[in-house]
Amino acid sequence: MSLLTLVSQRFLAQEMKPTPTEACLTINVADEKKKPQAGEKVIFENTKTQKQYSGITSEKGSFKILVPKNASYKIKYKNFSSNVDYSTIDLPPAKDTLVSFSINITCELPKKYTLKDVFFDSGKASLQPESNKELNELAEFMMDKKTMVVEIAGHTDNAGSKESNQKLSEDRSKTVRAYLLKKGIAPERIKAVGYGDTQPVASNSTEEGKQKNRRTEVRIINP
C-alpha cells in the first residue's frame with residue numbers, strides 16, 4: 001500500500017505484446033521489504049464501465065496483462081475476502097503508439113483480519129446462509145496463496161458462563177474451518193481456536209460493544 005510506479009517501456013517480452021488498442025501492463029507485487037509476493041490478485045476496474053481485468057502473480061511476484069487504452073482504471077488488490085483500492089491509472093488513446101507500462105505495487109497483508117459478513121445462529125455454531133459469500137472469497141484467496149497457513153479465531157461477548165462461551169467460540173471456529181476444508185483447502189493450512197470472551201475489542205456494557213466482540217478472525221500464521 002505504498003508507492004505506485006509507472007515506467008513507460010518500448011519493448012516487451014515475446015509472449016505478450018501491446019496492440020494499437022491495448023496497453024500491455026507488467027505487474028510486480030512485493031512487500032515492504034521488497035520480497036516478491038506470489039498469489040496476489042490484482043484487478044483493473046474501468047472507472048466508467050466497471051468492467052474488470054485481473055491477473056494473479058507468479059512465484060516471482062509478477063504477471064502481464066493486456067488492458068484497453070483510452071480509459072481510466074482503479075487498481076485494486078485482493079485482501080482476504082475484500083478488495084483494497086490501491087491507486088488509479090489513466091491510459092491515453094495513442095492509437096499510433098504501442099504502449100507498455102510496468103506497475104510496481106507494495107503491499108503488506110494484515111496479520112489479523114475480521115470476517116465482517118460471517119454470521120451464526122444465535123447461541124449456536126451453525127452458519128447462516130449469508131456467510132457463504134465471504135467464506136467462498138476467503139477460500140478462493142487461500143487457493144491463490146498456496147503457502148498461507150491461518151488460524152480461525154472465534155470470539156464471543158461476556159453473556160453466559162465462561163465455559164459456555166469458550167465452547168461456543170471453539171465450535172464456531174471449527175465450523176468455519178470445516179467450510180474451508182470442503183472448499184478444498186488442505187487441513188494442515190487451517191487451525192481452529194476459540195478464545196471465548198477473553199479478548200474483547202470493545203466494552204461489553206453496550207449492545208454495540210457486544211456485537212463487535214462476537215466475531216470471527218483470520219490470523220496469519222505463515223504468509
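Per residue of the chain, the DSSP helices (runs of n ≥ 4 H) give a summed -39500 (n - 2.57) that works out to -6000 deg cm²/dmol at 222 nm. Taking Cα atoms only, the orientation of helix 132-144 departs from the longest principal axis of the chain by about 60 degrees. Computed 3J(HN,Hα) for region 123-129, one whole-Hz value per residue from the Karplus formula 6.51 cos²θ - 1.76 cosθ + 1.60 where θ = phi - 60°, is x, 10, 9, 7, 6, 7, x, glycine and proline marked x.
In order along region 201-214, the Karplus-derived 3J(HN,Hα) couplings, from 6.51 cos²θ - 1.76 cosθ + 1.60 at θ = phi - 60°, round to 10, 8, 6, 7, 7, 10, 5, 5, x, 4, 5, 5, 6, 7 Hz, and Gly and Pro are given as x. In the complete set of protein chains, residue-level accessible area for THR21 is approximately 90 Å², probe 1.4 angstrom. Between LYS17 and GLN199, the distance separating the two model label sites (each 7 Å from Cα on the Cα→Cβ line) works out to 5.4 nm. Taking region 55-207, how much of its Cα-Cα pair set, in percent, is spaced more than 24 angstrom apart? Looking at region 55-207, the distances longer than 24 Å represent 48 percent of pairs. In this structure the amide hydrogen of VAL149, modeled in the peptide plane, comes within under 5 Å of the amide hydrogens of ILE221, ASN222, none closer than 5 places in sequence on its chain. The angle separating the long axis of helix 162-182 from the principal Cα axis of greatest extent in the chain is about 40 degrees.
The values are calculated or read from the model by the stated rules, or taken from the named source; none is laboratory data. All of these numbers come straight from a predicted model, not from anything done at the bench. Here the Cβ is made from the backbone with ideal geometry for all residues, glycine too, and neighbour counts use every protein chain on show. Areas reflect the complete protein model, heavy atoms only, side chains present, ligands, DNA and RNA absent. Shrake-Rupley method; radii C 1.70, N 1.55, O 1.52, S 1.80 Å.
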